[in-house]
Structures are given as structure tokens and as C-alpha cells.
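As C-alpha cells, the structure follows; a few thoughts come after it.
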Amino acid sequence: HADHAMYLAKQCGRNNFQFFDPEQDRQAIASRELLHSIARAIDAGELCLRYQPIVNMRRGCIEAVEALVRWQHPLRGLLAPIEFLPAIEGTDLIRELDHWVLSEALAQQATWVQQGLSLRLHINVSAQSLQTPDFLHEVSCIIDRHPRVQAQSIELEILETTALQDLGLVSAVIGEGARLGLSFALDDFGTGYSSLIYLRRLPAGTLKIDQTFVRNMLQDREDRNIVEGVIGMARAFGRDIIAEGVETLEHGSLLMRLGCDRAQGYGIARPMTAAQLPQWIAAYRQPALWADRAEHLLS
Ligand code: C2E
Ligand code: MG
Ligand code: MG
Ligand code: MG
């Protein structure tokens, strides 16, 4: 092994001396294998979706759901996106996955409409998909496949994690998408290194304030300031606000008082299967406490 390491180090050139790191090598092999198995999983139909309700705080009703991808792994069970998305970010596979999610979620929405359930549908799209030339064409084709599904009922959540390389292009895509009837949201707002530039340059109608700020805002004054600040900025720019990570009644109360438009979190509902959703929605009542509790939180 030592010989092999020396050989590789020499290959790197005299002026660019590097040590061979077996741990790095192991990780590279592991991620290549993961890439192959995700490609196979998409073809084998092992991906599936969960849906998490989004409540309209003013109207007190469930207005939308966000589609969240899962991998039903034959050996490891149901995997969350954190276990496989990072491996495919930056590869063509992320576009394939986003395309699969769009097709699957819209087919599901068509079924709900048929059942008399009218729900807006939020779908996450990677920056990479969004910056692909025929992205909007693909989206319209999928929408056209379902006569019951309207572009107006779809909101695309742009993931801020991958820095958007070409703001001019993304801004044009949002503008063109809006003409088709689509809505856009900036996801995980506040965590990207250039959030304010995104706000300034991207005409997305909604900001989704990141759950890390919301989760601690009741104990942590600074996080509370950020939440208030983002809501104020959204107002000033004429954007809507969704708060993620609403885990308790108190979160909901405070957000309502601060003027938040929509909310999503474990305190309202966990992501669920498409089959579970209609019954859950029928039973949903907005907590009466939300309006009352807020008073003492602000005093
Ligand atoms: P996101 O779009 O910000 O989605 C919200 C995540 O927070 C979801 O995790 C959801 O289950 C979780 N969550 C919701 N409410 C709460 C709460 O009250 N407390 C806590 N602790 N967590 C909450 P999930 O499903 O694991 O997804 C993680 C991320 O993976 C998503 O973050 C999104 O960035 C990405 N992702 C999920 N589905 C897709 C997809 O179909 N396509 C793409 N490109 N990315 C996706
Ligand atoms: Mg959507
Ligand atoms: Mg999202
Ligand atoms: Mg988020």
C-alpha cells in the first residue's frame, strides 16, 4: 500500500506533492457506488414522495402541501434526502430526480383534484435543474399531461443551498415561469451567503424563512430578531412569507402576531403519504390558541 501511495504522490508531479489519503479514496469509491445505486433506484421505482401540509395562517386552512422525496431502499429502509441528495448534487442525476418528482407529484395532484381536494403543490427544484435551458418546457409538458392540474396551483421552491450561478438567467426563468402561471419561493431563506442579493434580484413571490431561525426564536432573541427582520423585509418587497420548522403552538402564535402568511412544521403535521392526506385535512382545525397566546408572548 505504501508503494502505491508513493506512486500516486509522484504522479501528482514534483511541484505539487500530495500524500495519498486512503480515507479520501474510500469515500470517493463509496460516493461513486452511491451514485450508481441512486441511478438504479430511480429506474427501479424505489423513490417515493411524502407530503407535508402548509397552513394559511390568516384563513386557518390547509392551503398547500410540499412534496418531499424519500428513497425506499431495499435493505436500508426509508431514507431521507440528506442520505442521498448530497451525493448527486452537481451531477446530471439531480435533474433526473427533480424530473421524476415533478411527474410523480403532479400525477398525485391530478388524483386529489379528481377526489375533490384542491391543494396547491410545492415542489423543490435544485438550482441546477432551474438553470437547464429546457426546464420550463419540461414543466409545461408535465402539466399538459394532466388536464386537471393548472400551473397556477404549483409553487416551485428554489433551493438556496447551491449558490445560484447565473442570477440573470434564474430571474428570467422565474419571470417566464410566472407568465405560464407558476409561482416561485426562495427556500431556506436566510442561510445562503447571498440571501439579500437573491431577494433583490429574484422576483420570487415567496420567501421561506429557514427552520433553524424559527425553531429557536422563542428562546433566542437573535433568532427572533432575524425572523422579525425577514418578515419585515418580505413586506417591504411585497413578498409572502412561509415559516418552516413550526414545532409548537407557541411558534405558531408568535408567527401569526408577527404577520407571517403561511406556516409549516411538525407542530402542524409531519410529512405523510398521499393516502393519509385527505383524512388528515378533513380533521384539521387551526388551534384557537394561536390567536390568543400571541398576546402574552409579545408583552
Ligand atoms: P426543505 O425543502 O427545506 O424541506 C423542509 C425539511 O424540513 C423537510 O425535510 C421536512 O421534513 C423538514 N421539516 C418540516 N417541518 C419540520 C419541523 O417542524 N422540524 C424539523 N426538525 N424539521 C422539519 P426532508 O424531507 O428531510 O428534506 C430535506 C431537504 O431535502 C429539503 O429541505 C430539500 O432541500 C431537499 N429535498 C426534499 N425533497 C426534494 C426533492 O424532491 N427535490 C429536491 N431537489 N430536493 C428535495
Ligand atoms: Mg411546486
Ligand atoms: Mg422546500
Ligand atoms: Mg427549507
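Listed by first and then second residue, the pairs linking a residue in segment 24-37 that is in contact (Cβ under 8 Å) with a residue 40 or more places away in the chain to a residue that is surrounded by 11 or more Cβ atoms within 10 Å (Cβ to Cβ) and of a type in the set (A, V, I, L, M, F, W, C), with Cβ atoms under 7 Å apart and 6 or more places separating them unless they lie on different chains, are Ser31/Ala87; Leu34/Phe84; Leu34/Ala87; Leu35/Ala87; Leu35/Ile88; Leu35/Leu93. The strands (runs of 3 or more DSSP E) falling completely within segment 181-273 that include 2 or more residues that are among the aromatic types (Phe, Trp, Tyr) and either open to solvent by less than 10 Å² (accessible area, probe 1.4 Å) or more than 14 Å from ligand 1 (Cβ to nearest atom) (or both) map to 183-189. Considering only residues in segment 84-112 that are modelled with pLDDT of 95 or more and over 18 Å from Asp43 (Cα atoms), the one that is surrounded by the most Cβ atoms within 10 Å (Cβ to Cβ) turns out to be Gln109.
The values are calculated or read from the model by the stated rules, or taken from the named source; none is laboratory data. Note that this is a predicted model, so its numbers are computed, not measured. Note that each Cβ is placed from the backbone with ideal geometry, even for glycine, and that neighbours are counted across all protein chains shown. Keep in mind that these areas ignore ligands, DNA and RNA; they rest on the heavy atoms of the full protein, side chains included. Shrake-Rupley method; radii C 1.70, N 1.55, O 1.52, S 1.80 Å.
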